[in-house]
1. Does R66 satisfy being modelled with pLDDT under 95 and over 23 Å from H135 (Cβ atoms)?
2. In segment 29-37, is there at least one residue being in a strand (DSSP E or B), in contact with a helix residue (DSSP H, G or I) (Cβ under 8 Å, 6 or more places away or on another chain), within 21 Å of L176 (Cβ to Cβ) and not acidic (D, E)?
3. For segment 141-174, which residues satisfy the criterion of being modelled with pLDDT of 95 or more and closer than 16 Å to T75 by Cβ?
4. Inside segment 1-59, can you point out the residues that are open to solvent by 50 Å² or more (accessible area, probe 1.4 Å), at pLDDT 95 or above and within 26 Å of G110 (Cα to Cα)?
5. Sort out which residues of segment 43-78 are in contact (Cβ under 8 Å) with a residue 60 or more places away in the chain, assigned to a loop (DSSP other than H, G, I, E, B) and within 27 Å of D14 (Cβ to Cβ), and write them in order of number.
6. Among the residues that make up segment 99-114, is at least one of them over 14 Å from the mean Cα position of the chain (by Cα) and within 30 Å of M1 (Cβ to Cβ)?
7. Select, from G80, G70, G56, the only residue that is in contact with an Asp or Glu (Cβ under 9 Å, 6 or more places away or on another chain) and at positive phi.
8. Within segment 79-190, which helices (runs of 4 or more DSSP H) (wholly inside it) include 3 or more residues that are more than 29 Å from A54 (Cα to Cα) and open to solvent by less than 20 Å² (accessible area, probe 1.4 Å)?
Amino acid sequence: MTRIVAISGSRSADSTTRAALRVALDAAADAGAETDLIDLAAVDLPLYHPDQGAQGDSEALKRRVREADGVLAGTPVYRGSYSSTFKNFHDFCGSDEYANTAVGLLATAGGGSYGGTLEHLRSTFRNVHAWTVPHEVGIQGASSKIETGAASPDGEPRITDEDLRRRTERLGRVVLEHAERMRGRPATDA
């Protein structure tokens, strides 16, 4: 079974990034993927130090990414780029974790633009030999378009904007499709 892991680079308890990633992961699961979510707010990951070996949960987290066929990378937009939480995790990983891996990008912005954030992510993933899929999702005004689990009537994350929900679901399916192609398996309909 093709394995898709999402990485949420938000530390917010009511994270729109994590909620949007869950929507994309659910779509990948509905299309046949085995899914996993790495919530960086809930792990022990000290600041990366290049002179030290394993730190906190770093080895277990890297293994989860290395074993994935596809990755959904999500971050809130901070100062026109990705979060320091995501950057710290990304510093622990390299081409051993991402080589020949399909990666889908997602950025949630409180109000401003997300374009620079997606470009920064794309550039850093290219440097670790990942293959970023052409379809990506940027969400402007995320708190007005995404109901997190706590805010949703049934406790499940929900994207209230229909077009945005479809694009986010498509991201999960597209990452699955490309991960399967890269493994030599028949592609699903994205």
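1. It is false that R66 is modelled with pLDDT under 95 and over 23 Å from H135 (Cβ atoms).
2. Scanning segment 29-37, I find at least one residue that is in a strand (DSSP E or B), in contact with a helix residue (DSSP H, G or I) (Cβ under 8 Å, 6 or more places away or on another chain), within 21 Å of L176 (Cβ to Cβ) and not acidic (D, E), so the answer is yes.
3. Result: T168, L171.
4. Answer for segment 1-59, where residues must be open to solvent by 50 Å² or more (accessible area, probe 1.4 Å), at pLDDT 95 or above and within 26 Å of G110 (Cα to Cα): R11, R22, D26, A42, L47.
5. Matches in segment 43-78: A68 only.
6. Taking every residue of segment 99-114 in turn, at least one turns out to be over 14 Å from the mean Cα position of the chain (by Cα) and within 30 Å of M1 (Cβ to Cβ).
7. Within the list G80, G70, G56, the selection yields G56.
8. Because the criterion is at least 3 residues that are more than 29 Å from A54 (Cα to Cα) and open to solvent by less than 20 Å² (accessible area, probe 1.4 Å), the helices (runs of 4 or more DSSP H) in segment 79-190 that meet it are 162-182.
The values are calculated or read from the model by the stated rules, or taken from the named source; none is laboratory data. These numbers come from a predicted model, not from an experiment. Glycine also receives a Cβ, built like all others from the backbone with ideal geometry; neighbour counts cover every protein chain displayed. What goes into the accessible areas is simple: the full protein's heavy atoms, side chains included, and nothing from ligands, DNA or RNA. Shrake-Rupley method; radii C 1.70, N 1.55, O 1.52, S 1.80 Å.
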